[in-house]
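Structure first, commentary second.
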Amino acid sequence: MIILKANLKYNVCWFIVMAAAFYLVNILVMVGIIDSFIENMLVTIWINVILATGLNLIIGFAGQFSLGHAGFMAIGAYAAAIITQQVDTVGGFYLSLVVGVIIAIIAAVIVGIPTLRLKGDYLAIATMGAAEIIRIIINNLKITNGPAGMFNIPQFATWPFVYITMCVTTIVVVNFINSRGGRIIMSVRDDEIAAESMGINTTRWKLAAFVLGAATAAIAGGLHASYLQTIAPNDFGIMESISILIIVVLGGVGSITGSVVAAVVLGVLDTILQDFGTLRMVIYAVALILIMVFKPSGLLGTWEFSIRRLFASLKRRKV
Amino acid sequence: MEKKAFKKIMSFGTAMVVAGMLAGCSTAKSASKGNPAGKTIKIGVNMELSGAAAGYGNSQKQGIQLAVDKINKAGGINVNGKKEKVTLVIRDNKTSTSTAASVAAQLVNKDKVNAIVGPATTNAGTAQIPNITKGAVPSVSPSATDPDYTLQKNGKVQDYVFRACYQNNFQGSTAAKFAYTNLKAKRVAVLADNSSDYGTGLAKAFKKSYKGKIVASQYFQEGDKDYNAILTSFKNKKIDAIYVPGYYSEIGLIVKQARQAGINVPIIGSDGMADPKLAQIAGSENASNIYYTTPFSTRVANQKNTAKKFMEDYKARYGEEAPTFSALAYDSVNMIKQAIETEKSADSVKIAEGLAKIKNFDGVTGHITVDSKHNANKPIVVETLTNGKVSAAKEIK
Amino acid sequence: MQTFFQQVINGLSLGSIYALLALGYTMVYGIIKLINFAHGDIYMLGAFWGYYVINVWHFNFIAALLSAMVICGLSGVIIEYFAYRPLRHSPRITALITAIGVSFFLENGMAYLFGSNARDFPQIVKQVNYNIGGVRISNIQIQILATACILMLLLQLIIRYTKMGRAMRAVSVDNDAAQLVGINPNLTISFTFALGSALAGAAGVMIGLYYNSIDPLMGMTPGIKAFVAAVVGGIGSVPGASLGGFLIGLLETLVQSVGLSAYKDAVVYVVLIVILLILPTGIFGKNVKEKV
C-alpha cells in the first residue's frame, strides 16, 4: 500500500484506463464481435502479459537471465488443477491460486538462493535445469496424473477474472519497479559492486525480484489451467520458457509496455498463422529473425508509456 | 497526517469501486446451439501438423484427405436424399494444448464446421473439449487413447467427444493376456514412452492385468535415440519378453538396439508401432519375433473388401503402405459420414447423435460399434513380424 | 563386471556424440558469447544431407561425411552472415532470440520440405559386433569414438598451432585489440562457425548411421544436452566441452542402468546445478576476476 500511495494519482488514472478497456471488451462481447475464438486469443494474450511482465522484472530490471519461468508456471497450474478438482468452488480456486503462489515462492527461494550467485548464461542454464527438474517431477508423480496431464478442470478463470488479475499483477510489478526496491534492483543490475558498496544486500534484492516474478508466473499458470481446463507436463517445457523469453526480448528488455505490446503482437500473429497450416512455424521463425535483425533492442527498446509524462507534457503545452 | 489517511482511504475506495464495477459485469453469451448444415458439409481438422507429434498428425491428415476425396468423387454424402459435397478446413495445432483450444474455437465459431476430426493426442484433444462442447460440434479423434478422454469429471460421457481408436485399458490388457497365454512369458520387462499418456497408460493397463512377474519397469522420452543402457540392464534379468508401448519412431530403435545387444526375446507393442516405418528403422533383419496389438492388419485387410480398397487407394495416391494412423483417420471421417446418413442431417448436434448410434459400422479398422462411453469397440488383432514382414495375424477375443 | 564395462562402453559412445556437438557450442560461445541454439539443427541438416547423397548419389561413407561437413560448415557461415552478424553490437540476448528463430526456421522448414516423419538412414556400413570378454562393441561405435577423438584432437591442433587458431583465440579474448594487430574479426568468426558447424555435420552423418533414424526435430534434445555438456565443461573451453560431453553420456547411462530412467534428465540437471555451484564457470571455465 505504501508503494501504491506514492503513485496514487497515476494508479487511479491506470485504473480508469483499465476499467474503460474492460467495458470496451465487454460491449464487444455482448455485441458479438468478440466470439469465443477471439476471447480465447485475448485470454492467451493476457496470460502471456502476466508471464512476460514477471520475466521482464527478473531479466530487464534485476538483470538476472532466467530461463526457468515455465517451471513456476507449472507449479501454479498444477496447484490450481489439483485443488479445484477436489474443492469445486470459487473459493477453492482462490485458495488454489494462493497455494500455487506460496509453493512457487518456496521453490523460487530454493532455486534462487544458490543459483543467483551465478552470472549471465550460467544462471540461464541453471534456471532452465531447475524448471526441467520441476517438470520431470510433475511428469512422474501420481497426484499430477503423469504425462496424461489433468483435464476436466472446472473453469473459474473466465475472461473478466483473467483480465482483472492481469491488471492487478501488472500494477503490482510496475509499482515495485517504481519503488525504492525497484531502484535498488536496477542499481544491482547496472553495477553490482557499486550497489554492494552502497550497503545493499544484492543477493536479497535479486532474490526479491526473482520471487516476485515466480509468484506472478504461478498466478498465470493457475489461470492457464483453469481457463483451458486441461494441462499436461509438456506444456511447461523449455520451449514454453523460451516463448515467454521471446515476448520479453521482442518487446524490449526493460520495458513493461514493450512486453504488453509484444504479447499482443505475437498473440495476434500466432492466431493469424493458424490459416497457414504447416508453414505457420516457418513464417513465425522468419518474422522473429527479421524483427530482431531490424529492431535489435526490441519493438520499444526501454521506452515506457507513462501517464506521468503524458500529464507533464500536457501541462507544458498549457503553459 | 489527516490528509494522508484520507488519501489512503480514497485510494482504497477507488480500488474497491473499480474492482466492484469490473466484477459486477455480466458477460454476454450466444444463444444458438450447434452449427447448422450449409451448402456443403464442412469438416474441420484440428491436427498436430507441426511440433512433436507432427509425424503422426501428417499421416492422419493423409487418411482424412483420402477419405474426403473419395466421398466427393462419389458425389458427396447422402443427406436426406440429396448429395452434398464435403469441404475440409485443416488447421495446425502445433502439438500444443492452448493452440488446440484456439483452433477448436476457430473451427467452431469462424469456420462453422459441422464436425471435427482430431486431434491426434489426448492432451490436445482434452484441450478442445470445452470449446466444441460450447459450440455443440462433435469431434472424432483418430488416436486419443486415454480411458477418461471421452468422460466428464463425474464419469458421465462427454456429449460431443468420440474416438475411432481403442482406449488404453483394452489394448494394454489384451497385450498382457497375449504375453502370458500365447507367448508363455512369465517374466516381462516394461519399457514405456514417458512423454505421453499413450505409453504410460498402456504400461499401467498392462501391469494391472498381467499375471506373470514384471521384473523391470523403465521409461524413455520421445526423441530418445539411445536405449543401450536400459537394454543392457534388462539383459541379465532372465526376461521372457519386453513390453514396449510407444510409437514406431522410438520402438524401431529399441528393436534394433535390443537385437544388436543380443536380446532376442519377443518384443510386444501396441498400435503405435503398427507402421511399415518400424521395420525400416529397426532394419528388417532385426524385426523378427515382434508382436503388437492393432485394430488394422494389413494381412487381415486383404481378406476384407473395405480395407483392401483403402490400402490400394492409399498406395496409389501416396506411394507407400498405409500406416495405422491413416486408417484410423480415414475411419473417423467415414464415421461422421455414417452419422450424417443415419440422421439424414448435417446439423452438428444431429451428427453427434448419429455418432453415438453407430453400430457395426464397416470400417477399415474393423467393424466399429460406438458404446455408451463413446469408445469405438472393434476386434483386436495381434500381428507378428518376421524379418520386417507381417507373417501372422491373430484375432484375440 | 561385464555389465559394468558394457555400460561404460554405452556411456562413452553416447558421450562422444554429445561431445562432438558440445564442441560447436563452445567454440561459437568462446568467440562471440552467443548460445547458438541452431547448432543442434545444423547437426540435423548434416544427417539429412548424408541421407540424400547416399540414397541419390550413392556416396560412400567417407565421401558423405566429408561432404556433409562442407555443406554444414557453409550453412553455418551463411546463417552467421545473415542472422548473427547484423547483431554483433546488439545486446547478447537479442542474438540469442535470433538463434532460436533460426532453429525454428530450420526445424520447421525441413519438416515442411521433407515431412516430419522419421526416416531410415541408409546402412552403408554393415554393423559388426565384436565380443571382447563378454563386452559387446560394434564397429560403428568404435568408428564414432575414433572419429570424435580424431576431430577433437584436430580441432585442438587448429586452435593451438595455426594462424587462424591464434586469431580465434585473440578475438575471443579481446575483439578490439585483435583488430588493432590486424586480425579481421569477421573472417575469424566466420571460420569459427564453419569449423563448429562442420563438426555438427560430421556428428549428424555418424548418428544417422549409428541409430538409423533421422527426423527434422532430431537436433532439439541432443542440442540442449550438448549445451548442458558445454556448460558443465566450462563454456568456451574446447577440452571442457569434450569432457562435459563424455560426463553427461556416462551419467545418463548410469542413471538408466540403475533403473531410474524416468528421472534421467532430472539427474543430469541436478548434477549440472551442483557443478555450477561448486565451480561457477564450469570445470575448465575461466574465472574472470572482477576489477573495481
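Each residue of the range A:71-196 gets 129 Å³ once the volume of the Cα convex hull is shared out per residue.
Taking the fewest neighbouring Cβ atoms within 10 Å as the starting point, the ordered list for A:Thr115, A:Thr202, B:Thr126 is A:Thr202, A:Thr115, B:Thr126. Here the calculated FRET efficiency for C:Phe114 and B:Asn387, from their Cβ-Cβ distance with R0 = 22 Å, stands at 0.20, rounded to the nearest 0.05.
Using the average count of surrounding beta-carbon atoms within 10 Å as a protection proxy, the listed peptides A:27-34, C:28-35 rank, highest first, as C:28-35, A:27-34.
Using Cβ point charges alone (K and R +1, D and E -1), the dipole size of the protein assembly as shown about the Cα centre works out to roughly 1040 debye. In this simple spin-label approximation, B:Thr181 and B:Lys110 carry label points 7 Å from Cα along the Cα→Cβ vector, and these lie 5.2 nm apart. Per-residue mean of foreign Cβ neighbours for B:197-203 is 3 (Cβ atoms of other chains, 10 Å radius).
Tell me the Kirkwood radius of chain A: reciprocal of the mean inverse pair distance over distinct alpha-carbon atoms, in Å. Over chain A, the inverse of the mean reciprocal pair distance is 20.3 Å. Each Lys or Arg adds one and each Asp or Glu subtracts one; over the other residues with Cβ under 11 Å from the Cβ of B:Val364, this totals +1. Per-residue ellipticity at 222 nm from helix content only, as computed over chain C with -39500 (n - 2.57) for each DSSP H run of at least four residues, stands at -24000 deg cm²/dmol. In the frame of its principal axes, chain B has Cα extents of 84, 71, 34 Å, reported largest first.
Contact order for chain B, expressed relative to its length and based on alpha carbon pairs under 8 Å spaced 6+ residues apart, stands at 17 percent. Each pair of Cα atoms in chain C enters the Kirkwood radius, and Stokes-Einstein at 10 °C and 1.306 mPa s then converts it into a translational diffusion coefficient of 81 µm²/s.
Let me check against my output: what whole-number percent is the relative contact order of chain A, with C-alpha pairs under 8 Å and at least 6 apart? Worked out over chain A, it gives 30 percent.
Taking the Cβ of B:Met273 as the center, what net charge do the other residues with Cβ under 13 Å away carry, scoring Lys and Arg +1 and Asp and Glu -1? Residues close to B:Met273 contribute a combined charge of -3. Apply the a/c threshold of 1.5 to the C-alpha gyration tensor of the range C:52-198 and tell me whether it is rounded, prolate or oblate. It is oblate, given that a/c is not under 1.5 and a/b is not larger than b/c.
For chain C, the number of Lys pairs separated by eight or more positions or lying on different chains, with C-alpha atoms closer than 19 Å, is 4. Dipole magnitude for chain B: computed about the Cα centre from +1 point charges on Lys and Arg Cβ and -1 point charges on Asp and Glu Cβ, it is near 700 debye. Ellipticity at 222 nm from helices only: DSSP H runs of n ≥ 4 in chain B, each -39500 (n - 2.57), divided by the residue count, give -13500 deg cm²/dmol.
Along the charge dipole of the range A:2-318, which of A:Ile47, A:Val31, A:Leu8 sits closest to the positive end, that is, farthest toward it, with unit charges on the beta carbon of Lys, Arg, Asp and Glu (+1, +1, -1, -1)? My answer, from the dipole projection, is A:Leu8.
When the P(r) is computed for the protein assembly as shown, the part past 51 Å accounts for 21% of the Cα-Cα pairs.
Taking the fewest neighbouring Cβ atoms within 10 Å as the starting point, the ordered list for B:Tyr248, C:Tyr269, C:Tyr112, B:Tyr160 is C:Tyr112, C:Tyr269, B:Tyr160, B:Tyr248.
Normalised by the number of residues in the range C:39-95, the mean separation of alpha-carbon contacts (under 8 Å, six or more apart) gives a relative contact order of 31 percent. Counting every other Cβ atom within 10 Å of each residue's Cβ, A:Tyr284, B:Tyr330 order from fewest to most as A:Tyr284, B:Tyr330.
Listed by chain and number, the aspartates and glutamates whose alpha-carbon sits under 15 Å from that of A:Lys119, ignoring those within fewer than 8 places in the same chain, are A:Asp190, A:Asp191, A:Glu192, C:Glu290.
Cβ-Cβ distance of C:Asn55 and C:Tyr130, R₀ of 35 Å, FRET efficiency by 1/(1 + (r/R0)^6): the value works out to about 0.80. Only one residue of A:Met166, A:Ala81, A:His69 has its Cα farthest out toward the positive end of the dipole of chain A, where Lys and Arg carry +1 and Asp and Glu -1 on Cβ, and that residue is A:Met166.
Computed over neighbours whose Cβ is under 13 Å from that of A:Pro154, the net charge equals 0, Lys and Arg +1, Asp and Glu -1.
Applying 1/(1 + (r/R0)^6) with R0 = 35 Å to the Cβ-Cβ distance of A:Gln86 and C:Asn139 gives a FRET efficiency near 0.05.
Per-residue mean of foreign Cβ neighbours for B:232-238 is 4 (Cβ atoms of other chains, 10 Å radius).
Take each residue of peptide C:265-272, count the partner chain Cβ atoms within 10 Å of its Cβ, and average: the result is 6.
The range B:113-181 and the range C:172-240 have Cα centres separated by 44 Å. Comparing A:Ala208, B:Gly223, B:Ile64 along the charge dipole axis of the protein assembly as shown, the residue lying farthest to the positive side is A:Ala208, per the Cβ-charge model.
The sum of -39500 (n - 2.57) across all DSSP H runs of n ≥ 4, divided by the residue count of chain A, sets its helix-only mean residue ellipticity at 222 nm to -25000 deg cm²/dmol.
Around the Cα centre of chain A, unit charges on the Cβ atoms of Lys, Arg, Asp and Glu (plus for the first two, minus for the last two) sum to a dipole of about 1260 debye.
In sequence order, the range C:269-274 has phi-based couplings of 5, 4, 4, 4, 5, 4 Hz under the Karplus curve 6.51 cos²θ - 1.76 cosθ + 1.60, θ = phi - 60°, and Gly or Pro positions carry x. Spacing of the modelled spin labels on C:Leu74 and B:Lys237, each 7 Å from Cα toward Cβ, amounts to 4.8 nm.
Computed on the range A:271-319, the Cα convex hull volume stands at 113 Å³ per residue.
Each value in this text was obtained by applying a stated rule to the coordinates, not by laboratory testing. The shown structure was predicted, so the numbers you read here are calculated from the model rather than taken from an experiment. Because the Cβ atoms are built from the backbone with ideal geometry, glycine has one as well, and the counts that use them run over all protein chains shown.
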